[in-house]
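A.B. asks: The structure under discussion is supplied below as structure tokens; questions concerning it will follow.
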Amino acid sequence: MQSQIAARMAGIGVVQPRLGSRSGICSRTHIMTLDGHLPVELLSSGDRVITRNGTRTLQALHCFWLLDCPVRVSRGALGPNRPISDLILGPDQMVRLQDWYEQGTNRSNRFTAPVSRLVDDGLLNWADHSGEMLIFQLEFDDYYTFYAEGLEMISHLPELASATIAAE
């Protein structure tokens, strides 16, 4: 695994971040791929990422400056091994929750929400953020649920990418 990461790092060029976004995954977050769990910043177009719908080919990896305060999701905050380690996300990054139980009922809910809506100042809180922070967005041919540190994330939507570029 280390040799795969070293080989990927040798082929990586300088990332040119775009203006900014509130949605994305911070560097050093591991994404589940056919080559194993890889840091998001080492992914590139053509990589095969494991999704809820099977493997999908990554079309693009976008890099942005974070425009707002990030959210820290502590290990196990959203269930056993969800996520498997602490991670930092842009506040508008959509996460998919399963087996989420309403308090006082036995009813299971499954829903998707921006991570900022889940902040409870306990295991999910606003992260200290001094200076500039890069975040990454995965783009496929459609939106998919992929795995970042064992947590289900919703990929970047291609139709929003063109709107973002047009707004810049």
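The values are calculated or read from the model by the stated rules, or taken from the named source; none is laboratory data. Please read these numbers as outputs of a predicted model, since none were measured by experiment. Heads up: the accessible areas ignore ligands, DNA and RNA and are worked out on the full protein's heavy atoms, side chains in. Shrake-Rupley method; radii C 1.70, N 1.55, O 1.52, S 1.80 Å.
A.B. asks: In segment 9-39, what count of residues is obtained for those that are at pLDDT 95 or above and assigned to a helix (DSSP H, G or I)?
C.D. replies: Looking only at that region, the number is 0.
A.B. asks: Sticking with this structure for a sec: Could you list, in sequence order, the residues of segment 40-84 that are part of a helix (DSSP H, G or I) and among the β-branched types (V, I, T)?
C.D. replies: Of everything in segment 40-84, just one residue is part of a helix (DSSP H, G or I) and among the β-branched types (V, I, T), namely V40.
A.B. asks: Take the residues of segment 97-121 that are modelled with pLDDT under 85 and assigned to a loop (DSSP other than H, G, I, E, B): which is most open to solvent (accessible area, probe 1.4 Å)?
C.D. replies: So the residue we want is Q103.
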